[in-house]
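This report concerns only the one structure given below.
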Amino acid sequence: MPTTVTVLTQDNCAWCEQAKAILQDISATQPLSIEEIELTSEHGRDLAISHGVVFAPGILLDGQLFSYGRPSEKKLRRRLK
């Protein structure tokens, strides 16, 4: 069963683009279900508040906070194994 990855993003966010690129790369070898949600949307704000996401990108793995801010590819790959 694929891991559900939710990425809370915002416009003009270099770290958001980096997070999406890392996840696309990982998805080539691991089954991921990636959902991107705009942080400024009502749903995005609700998720950010409930999970303690301070700024973009917020990354949730199967509904649990993994990280926010600059993504660590090494840490993300390790967690997804």
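Only the coordinates and a few stated rules stand behind these numbers; no lab work does. Everything numeric here is computed off the predicted structure, so don't read it as measured data. Here the Cβ positions follow ideal geometry from the backbone for every residue, glycine too, while neighbour counts run over all protein chains shown.
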State which residue pairs qualify: first residue without any contact (Cβ under 8 Å) to a residue 40 or more places away in the chain and outside any loop (DSSP other than H, G, I, E, B) and inside the range 8-35, second residue polar (S, T, N, Q) and buried (at least 16 other Cβ atoms within 10 Å of the Cβ) in any location, beta carbons under 6 Å apart, and separation of 6 or more residues or different chains.
Glu35/Thr6
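Let's see how each residue does on (1) over 19 Å from Arg77 (Cβ atoms); (2) crowded, with 17+ Cβ neighbours inside 10 Å:
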{"residue": "Gln10", "(1), (2)": "yes, no"}
{"residue": "Cys13", "(1), (2)": "yes, no"}
{"residue": "Leu23", "(1), (2)": "no, yes"}
{"residue": "Thr29", "(1), (2)": "no, no"}
{"residue": "Glu36", "(1), (2)": "yes, no"}
{"residue": "Glu42", "(1), (2)": "yes, no"}
{"residue": "Ser50", "(1), (2)": "yes, no"}
{"residue": "Phe55", "(1), (2)": "yes, no"}
